[in-house]
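Okay, so here's the structure we're looking at.
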Amino acid sequence: MISPVTQIKERLSIVDVISGYIKLEKAGIHFKARCPFHNEKTPSFFISTDRGSYHCFGCGRGGDIFTFVQEIEGLDFSEALKMLAGRAGVALEKINIEARNEEMGLEHVLEEATKFYEGHLREDQSVIAYLKKRGLSGETAKKFRIGYAPDGWRNLAQYLESKKIPMALAEKAGLVIKSDKPSQYGGENYYDRFRGRIMFPIASANGKVVAFSGRIFPEPTNGVEVAKYINSPETSLYSKSKILFGYDKAKHAIMRANACIVVEGQMDLCMAHQAGTTHTVAISGTALTEEHLKLVKRFTDTLILSFDADTAGIMASKRSVTTAFNEGMDVFAVTLENGKDPADIIKEDGERWKHAVAHAKPFVEFYLEVLTAKITDARQLKKEVTKEVLPFVDMIASSIDKAHFISLIAERLGVPEDAVRDELKKVKTISKEKADTTEYGAPIYPTPFEATQQRILGGYLWKPIESLKEKYSVITGTTIEEDCAQIPEAVRESLILEAELTHTTAEHWHKDAEELLLSLEEEMLDKKFETILREMKKAESLKDATRALELLKESNLISKRKQELKKSRISH
């Protein structure tokens, strides 16, 4: 008997599966794309239709359709198998029948609940009027499957019972609650968890509804305090620390934008997508967790936070930023005028929101501005910046970025940069960043500079570009011919093959070369800065103030150029 895996592979081509996630280009008998698993500007991700496999020359990832779906959806093999079997129409009767039956049952009852809530939204003009007043379009409401849970104790329970769905299963899905009082008809009694609330379905990475967030509507008028939002309890399908609201609809946009915007509320998320910033996700009653960031890091290392600038918002931001910095991410913050929410700004003018996102500031700079605006006493400001801001500077992996923020803090506080550096030395933070090394401590992979340099040299060996020579020499200080001559023959052939597969035509190679040179400049700046830091320490130990000042000026120029390159990439 043919195995389910073989049947699925026979029915689904690898091109059809992968093209559902990323844009593919024909490359001879193969297909190529920008890798969805690491950030790159030039394609190094190749698909072989003959072998039914893919491989990325940039990050080394590869495999078949099951590996790809596991990686990009965050699934284990059995989950990927179920997902692809559904697409291929292959039955999986013998695979985890009991567990799968319960999982399918939960998915079914949650889907029925979603349809129930959607239907009641369409019937209630007051809810529709409220959503329109908030600026939400009907198209957006349909996209996010927004619904309404009517007031009453057993509306959903009775509907599910009519569909022959056991109440015990609905309870496991977090939709109903068992009452202490027995039913008047005998047996157990259940009532609806969500009543009189606008319902936002929360989906998993693969788009299946796993939970709900419900906003009270209408607002209570009897003076009774009721939670504005309530969420589903944690279930076997739903964990708020592992699921981001809107991620299923945002993940491909995150990859295209090479950035992920994070907002706090469901309405903020829906309005952000409506405004065109579809690379937005939302947290649900928790700070960003490592699990959240692992989802985001599949597509980008750039995080843009849009949290309130009040005390609670800053505290939430600090927890999230600490986690993100420990994951090696670049963190920016959106500044909105008068403390307004993204939804309010977008309702008034979507372009203002887009402008704010495009001009998001590095978190350290944002936090520095928040403290400067709140604290007028110069001495107290210095204390707070030392206590609150410097720990974040210490977490930053890039020495160039650290130098930039040291210079910025010194300027804002009106103190020498050396004073800020001295205080920074006292800061103790824990960084999770660890270099990949062998047991002997030698790097497993080439440095980012070496990897980019090899791709340029390989492309030049494949199809020389005359205009490349001068730019390459300016960046590296060597000639491209000299560096090509140093490449061993075996490596040379491998680099040429990679260039041919990656760029496919001379026209593509000319375009890709410009981006590679830009990356090489960034990496060379990092190398130069590290050298300057070592020389500055030496000059300080020798008390050579003139040399130390020269090096400081040079380091500031490098920092400025690096920030220009980084901001250029973000805004682009």
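Tabulated values for the structure
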| read-out | value |
| --- | --- |
| Amide H contacts of L237 (H built 1.01 Å from N, under 5 Å, at least 5 apart or other chain) | none |
| Which of Q266, I346, G276, positive extreme of dipole for the stretch 247-359 (C-beta unit charges) | G276 |
| Label-point separation in nm, D16 to S399, each point 7 Å along Cα→Cβ | 5.3 |
| Unit charges on C-beta of K, R, D, E only; dipole of the chain, Debye | 1040 |
| Cut-off under 5 Å, modelled amide H: who pairs with I304 long-range | C260, I261, V262, F332 |
| Residue pairs, from the table K143/K347; K133/K242; K297/K354; K208/K240, whose Cα atoms sit over 24 Å apart | K133/K242 |
| Calculated [θ] (222 nm, deg cm²/dmol) that DSSP helices of n ≥ 4 give over the chain, each run adding -39,500 (n - 2.57) | -17000 deg cm²/dmol |
| Neighbour-count order for I346, I480, I29, fewest beta carbons within 10 angstrom listed first | I29, I480, I346 |
| Sites matching chymotrypsin sites (Phe, Trp or Tyr not before Pro) across the stretch 186-281 that sit in DSSP coil, with at most 14 neighbouring C-beta atoms within 10 Å | none |
| Inter-centroid distance (Cα atoms) of the stretch 1-74 relative to the stretch 190-215, Å | 34 |
| Formal net charge of residues neighbouring L557 (Cβ-Cβ distance under 12 Å; K, R +1; D, E -1) | +2 |
| Proxy reagent accessibility, fewest Cβ within 10 Å first, across W153, W509, W353 | W153, W509, W353 |
| Label-zone membership for the stretch 333-350, site K361, 7 angstrom Cα→C-beta point, backbone N under 17 Å | 333-340 |
| Vicinal HN-Hα couplings computed from phi for the stretch 199-212 (Karplus, 6.51 cos²θ - 1.76 cosθ + 1.60; Hz; Gly/Pro x) | 10, 10, x, 9, 10, 6, 4, 9, x, 7, 5, 10, 6, 9 |
| Only Lys, Arg (+1) and Asp, Glu (-1) charged, at Cβ; the stretch 284-433 dipole about Cα centre in debye | 400 |
| Sorted by Cβ density within 10 Å, fewest first, the residues C56, C35, C270, C484 | C484, C56, C35, C270 |
| Label point distance in nm, K142-A88, each placed 7 Å from Cα along Cα→Cβ | 3.4 |
| Listed residues T546, L520, I465: farthest to the positive end of the dipole of the stretch 449-571 (Cβ charges) | T546 |
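No lab work stands behind these numbers, since they all come straight from the coordinates. In this text, all values refer to a predicted model and were calculated from it rather than measured experimentally. Cβ: placed from backbone, ideal geometry, glycine included. Neighbour counts: every protein chain shown.
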